[in-house]
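A.B. asks: To start, I am sharing the structure in question, which I have written as structure tokens.
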Amino acid sequence: MIKLLFFGRLGDFAEGVSASIDATEGLTPATVRDALAADHPALVAELSQPQVLISLNQMIVGWDQPIFDGAELAFLPPVTGG
Amino acid sequence: MNSTIRIQNHDFDLGAEYQLLRQLESAVGAVVTFAGLVRDLEKNTSINSLTLQHYPGMTESLLQEIVDQAEARWDLIGITVIHRVGELLPSDQIVFVGVASQHRADAFEAAQFVMDYLKTKATFWKKVDQNGQQHWIESKDSDQTASDRWSADD
């Protein structure tokens, strides 16, 4: 299983999205995003914004990073702390 | 160097944090502290409350990276970073950065560096409630500019 996390405003768009997905061959953040497109087009439009960062097991990665079983994949909009 | 990083719901005591930094070593000759508060206005409209979300685990790692970079860059004795999460009200304290060093320039610069990097790199997100309507705060270009100047010096 891959755990999915959507932070900040992305969380509002991700309502109804499953919190985890099955691990499959060739999975990357880009394929996860594309798989959401049919049911969650507004979310995918937000995820496609250039400022959105992706982390895999809490490390920033690119859209083509391979994802393996047991990973935690998070989508991070621009941060606004402090 | 002594570093303390805390993410917490409850408030912090600026005086107590200052005393801890002051008493780290007898070599401490300067302590710079910064406290960030919740403003009552967001885009000229008053707010009822502000809620801070973060990414547990990753936030602590990112703050530690920022502190490590400050330690590598300046001559420091101690750094404390405290960031609150959860629901806060106008004038509540949000964030504390305190830096102890032998000489003031190191403490001043490192404190500003830590805050500038925290604002653009640490995984916190703010949501405000204005007249019962909740919305997420947008990131500011001015924060990115403040953060970028530290890497432009290299």
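A.B. asks: I'd like to check something: does region B:72-82 contain any residue that is modelled with pLDDT under 95, surrounded by 14 or more Cβ atoms within 10 Å (Cβ to Cβ), within 14 Å of chain A (Cβ to nearest Cβ) and out of contact with any Phe, Trp or Tyr (no Cβ under 6 Å at 6 or more places or on another chain)?
C.D. replies: No, that holds for no residue.
A.B. asks: Can you tell me which of A:43, A:73 is away from chain B (no Cβ under 13 Å), surrounded by 19 or more Cβ atoms within 10 Å (Cβ to Cβ) and of a type in the set (A, V, I, L, M)?
C.D. replies: Of A:43, A:73, the one residue that is away from chain B (no Cβ under 13 Å), surrounded by 19 or more Cβ atoms within 10 Å (Cβ to Cβ) and of a type in the set (A, V, I, L, M) is A:43.
A.B. asks: If a residue must be away from chain A (no Cβ under 14 Å) and either among the small types (Gly, Ala, Ser) or crowded, with 19+ Cβ neighbours inside 10 Å (or both), how many such residues does region B:90-120 contain?
C.D. replies: Matching residues across region B:90-120 total 9.
A.B. asks: I want to confirm something. Restricting to region B:125-154 and keeping residues that are more than 8 Å from every other protein chain (Cβ to nearest Cβ) and hydrophobic (A, V, I, L, M, F, W, C), which single residue is farthest from the chain's Cα centre (by Cα)?
C.D. replies: B:152
A.B. asks: Can you name the number of the only condition in (1) in contact with a helix residue (DSSP H, G or I) (Cβ under 7 Å, 6 or more places away or on another chain); (2) touching a residue at least 12 places away in the same chain (Cβ under 8 Å); (3) farther than 16 Å from residue B:5 by Cα that residue B:118 fails?
C.D. replies: All conditions pass for residue B:118, except number (3).
The values are calculated or read from the model by the stated rules, or taken from the named source; none is laboratory data. The model shown is predicted, which means the values in this text are computed figures rather than measured ones. All Cβ positions, glycine included, derive from the backbone under ideal geometry; neighbour counts span all protein chains shown.
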